[in-house]
1. So which residues in region 102-151 are among the charged types (D, E, K, R) and touching a residue at least 60 places away in the same chain (Cβ under 8 Å), if there are any at all?
2. If you take the residues in region 67-100 that are touching a residue at least 60 places away in the same chain (Cβ under 8 Å) and assigned to a strand (DSSP E or B), which one is surrounded by the most Cβ atoms within 10 Å (Cβ to Cβ)?
3. Restricting to region 125-140, name every residue that is of a type in the set (A, V, I, L, M, F, W, C) and over 13 Å from V70 (Cα atoms).
4. Would a scan of region 128-139 turn up a residue that is modelled with pLDDT of 95 or more, farther than 21 Å from V32 by Cα and over 16 Å from the mean Cα position of the chain (by Cα)?
5. Restricting to region 122-151, and then to whatever is of a type in the set (V, I, T) and surrounded by fewer than 18 Cβ atoms within 10 Å (Cβ to Cβ), can you tell me which residue is farthest from E112 (Cα to Cα)?
6. List every residue pair whose Cβ atoms lie under 9 Å apart, where the two residues are 6 or more positions apart in sequence or sit on different chains, the first residue falls within region 31-57 and is under 15 Å from R137 (Cβ atoms) and touching a residue at least 40 places away in the same chain (Cβ under 8 Å), and the second residue, located anywhere, is in a helix (DSSP H, G or I) and of a type in the set (D, E).
Amino acid sequence: MPTLFRSLLLAVAVGLCAAAGALAQAGKPHRVVIQVDQNDPAVMNLALNNARNLLDYYRAKNEDVDIEIVAYGPGLHMLRDDTSPVKDRIKELAAVSFPSKIAFDACNNTKEGMEKREGHPITIIPQATIVPAGVVRILELEEQGYGYVKP
């Protein structure tokens, strides 16, 4: 009888551990990085549509999603205050993302190159954060388990 009791106790313990693991996994946020490397409003709008669809999908499931849109090369125009045709849309998306997180990363390497070529400082939209290098940021996020999307 003690062996049967131990087996039953072990089965219950394994079941509780599995349930706890499932709950822990359910609480883990989904994470995705979206690359924008083209000076093309259609591409950026597709990236913003992807981000909004992710937010809406996981919000409907009561789950969080962390999204980072990384712009570099010609794509940096999408985050420049003077050239972005989508800055109002970015502002709106940033405002509705809570409690999930959406971040906009602007490549400093690209910014410095543009400033040198154009001969003046470049202002990035307030919703964006300057990162040292866009491609490095994408790699770092992938190494942290982020999924990768390129519209």
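1. Within region 102-151, R137, E142, K150 meet the criteria.
2. A71
3. Once the filter is applied, which keeps residues that are of a type in the set (A, V, I, L, M, F, W, C) and over 13 Å from V70 (Cα atoms), region 125-140 yields only I125.
4. Scanning region 128-139, I find no residue that is modelled with pLDDT of 95 or more, farther than 21 Å from V32 by Cα and over 16 Å from the mean Cα position of the chain (by Cα), so the answer is no.
5. The qualifying residue farthest from E112 (Cα to Cα) is V149.
6. Hits for this filter: V33/E142.
The values are calculated or read from the model by the stated rules, or taken from the named source; none is laboratory data. Since we're looking at a predicted model, the values are computed, not measured. Please note: Cβ atoms are built from the backbone with ideal geometry, for glycine as well, and neighbour counts cover all protein chains shown.
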